[in-house]
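Asks: Before anything else, here's the structure in question.
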Amino acid sequence: MPLQLVDTHCHLDRQPLSVDVPAVLARARAAGVVACLTIGTDLASSRAAVALARAHPGVRCAIGVHPNDAAEATEEALRELEALAEDPAVAAIGEVGLDYYRQGAPADVQERIFLRFAALARRRGLPLSIHCRNAHEPLLALLRAQGGPVRGVLHCASGPAGFLQDALALGLHVSFAGNVTFPNAVALRALVPLVPEERLLLETDAPFLAPQPVRGQSNEPAHVVHTAHEVARLRGVSVEALGEAVTRNACALFAFTRAFG
């Protein structure tokens with residue numbers, strides 16, 4: 001069984017990936033990566049994400065405002081993003097959430113913007129791609145207030161085991177990135193076996209968080225293979241079996257129907 005993977009969180013509009021996206025996707029395809037989700041973090045990058053998804057088979061996109069950019073999200077920009085969410089290339093709303101570590105925007109502003117995007121996701125029937133850093137309980141409180149299961153993914157999993165289990169109980173998927181391969185990521189690796197197979201996803205967050213075998217380089221979708229090998233090891237399964245599961249999960253959550261051309 002050949003290895004197949006999906007990178008469920010990357011930023012193809014960021015340099016150096018944006019310099020030659022076809023080459024980036026060709027290297028991903030050669031590594032066994034069949035599709036990817038490119039992520040917007042503000043209006044400009046969301047526009048770029050939609051354009052990339054329109055242009056490249058196997059690429060879908062998410063649009064939104066990162067919590068650290070929430071203070072700059074004008075009403076005009078939010079309305080344009082809401083209109084952009086109707087594009088067929090848009091598979092998710094994100095990257096949205098809460099970040100009380102960098103605190104790029106006041107907490108109340110972050111929460112207001114997140115709730116607006118959560119409402120948009122519900123209206124459009126789209127999953128959320130959620131960023132959460134040092135805001136575990138506030139995020140859970142906002143999600144619980146939605147009522148019923150929450151469809152989406154915790155991007156770049158982190159936090160205490162209890163937070164992860166509460167997020168799973170709400171219905172979320174959980175995605176692991178290249179930092180799970182770092183030598184000092186002992187607590188993060190302990191989370192990997194806690195995620196049920198049907199809720200597990202993988203990502204690169206490229207061009208950030210290059211996994212240990214290529215650490216120091218710019219990350220790209222092809223490198224999700226390194227993360228897959230580590231996650232498979234931690235779960236005691238073959239990387240091919242892991243790939244089959246995470247690809248099935250990604251296709252179901254983000255409605256991928258085409259692979260890279």
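The values are calculated or read from the model by the stated rules, or taken from the named source; none is laboratory data. What you are looking at is a predicted structure, and each value in this text was computed from that prediction instead of being measured. All Cβ positions, glycine included, derive from the backbone under ideal geometry; neighbour counts span all protein chains shown.
Asks: Checking the condition at pLDDT below 95, over 23 Å from residue 88 (Cα atoms) and touching a strand residue (DSSP E or B) at 6+ places or on another chain (Cβ under 8 Å), which residue from 175, 158 passes?
Replies: Going through 175, 158 in turn, the sole match is 158.
Asks: Are there any pairs, at least 6 apart or on different chains, whose C-beta atoms fall under 6 Å, with the first in region 120-141 and under 16 Å from residue 60 (Cα atoms) and the second assigned to a loop (DSSP other than H, G, I, E, B), and if so, which?
Replies: Note: pairs meeting the criteria are 124/85; 127/151; 129/155.
Asks: Something else now. Which one is modelled with the highest pLDDT, of the residues in region 238-261 that are outside any helix (DSSP H, G or I) and more than 17 Å from the chain's Cα centre (by Cα)?
Replies: Taking region 238-261 and keeping what is outside any helix (DSSP H, G or I), we get 238, 255-261.
Still in the running and more than 17 Å from the chain's Cα centre (by Cα): 238, 257-261.
Working: 238: 97, 257: 85, 258: 79, 259: 82, 260: 78, 261: 66.
Filtering region 238-261 for residues that are outside any helix (DSSP H, G or I) and more than 17 Å from the chain's Cα centre (by Cα), the one modelled with the highest pLDDT comes out as 238.
Asks: Output the residues belonging to region 157-182 that are polar (S, T, N, Q) and without any contact (Cβ under 8 Å) to a residue 60 or more places away in the chain. Give the steps one after another, and end with the answer.
Replies: First pass over region 157-182, keeping only residues polar (S, T, N, Q): 158, 165, 175, 179, 181.
Within region 157-182, 158, 165, 179, 181 qualify.
Asks: Take the residues of region 90-113 that are more than 29 Å from residue 56 (Cβ to Cβ) and crowded, with 22+ Cβ neighbours inside 10 Å: which is modelled with the lowest pLDDT?
Replies: For region 90-113, the residue satisfying everything is 105.
Asks: What are the pairs with Cβ atoms under 9 angstrom where one residue, in region 183-204, is over 12 Å from residue 249 (Cβ atoms) and without any contact (Cβ under 8 Å) to a residue 24 or more places away in the chain and the other, located anywhere, is of a type outside the set (A, V, I, L, M) and crowded, with 17+ Cβ neighbours inside 10 Å? Sequence gap at least six, or different chains.
Replies: Filtered contacts from region 183-204: 185/179; 187/158.
For (1) in a loop (DSSP other than H, G, I, E, B); (2) within 20 Å of residue 8 (Cβ to Cβ); (3) aromatic (Phe, Trp, Tyr), each residue gets a yes or a no:
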{"residue": "47", "(1), (2), (3)": "no, no, no"}
{"residue": "77", "(1), (2), (3)": "no, no, no"}
{"residue": "94", "(1), (2), (3)": "no, yes, no"}
{"residue": "105", "(1), (2), (3)": "yes, no, no"}
{"residue": "110", "(1), (2), (3)": "no, no, no"}
{"residue": "121", "(1), (2), (3)": "no, yes, no"}
{"residue": "141", "(1), (2), (3)": "no, no, no"}
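Asks: Select from region 118-158 the residues that are at positive phi and within 16 Å of the chain's Cα centre (by Cα) and write down the one among them that is surrounded by the most Cβ atoms within 10 Å (Cβ to Cβ).
Replies: 152
Asks: Next question, about the same structure. Mind checking which residues of region 208-261 are surrounded by fewer than 20 Cβ atoms within 10 Å (Cβ to Cβ), closer than 19 Å to residue 21 by Cβ and touching a residue at least 24 places away in the same chain (Cβ under 8 Å)?
Replies: Scanning region 208-261 gives 208, 218, 258, 259, 260, 261.
To keep it simple, each residue is scored yes or no on (1) buried (at least 23 other Cβ atoms within 10 Å of the Cβ); (2) free of Cβ contacts under 8 Å to residues at least 60 places away in the same chain; (3) farther than 19 Å from residue 243 by Cβ; (4) in contact with a Leu (Cβ under 7 Å, 6 or more places away or on another chain).
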{"position": "5", "(1), (2), (3), (4)": "yes, no, no, yes"}
{"position": "19", "(1), (2), (3), (4)": "no, yes, yes, no"}
{"position": "23", "(1), (2), (3), (4)": "no, yes, yes, no"}
{"position": "46", "(1), (2), (3), (4)": "yes, yes, yes, yes"}
{"position": "54", "(1), (2), (3), (4)": "no, yes, yes, no"}
{"position": "63", "(1), (2), (3), (4)": "yes, yes, yes, yes"}
{"position": "68", "(1), (2), (3), (4)": "no, yes, yes, no"}
{"position": "71", "(1), (2), (3), (4)": "no, yes, yes, no"}
{"position": "79", "(1), (2), (3), (4)": "no, yes, yes, no"}
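Asks: What is the residue count in region 25-44 for residues that are among the acidic types (Asp, Glu) and surrounded by 23 or more Cβ atoms within 10 Å (Cβ to Cβ)?
Replies: So the count comes out to 0.
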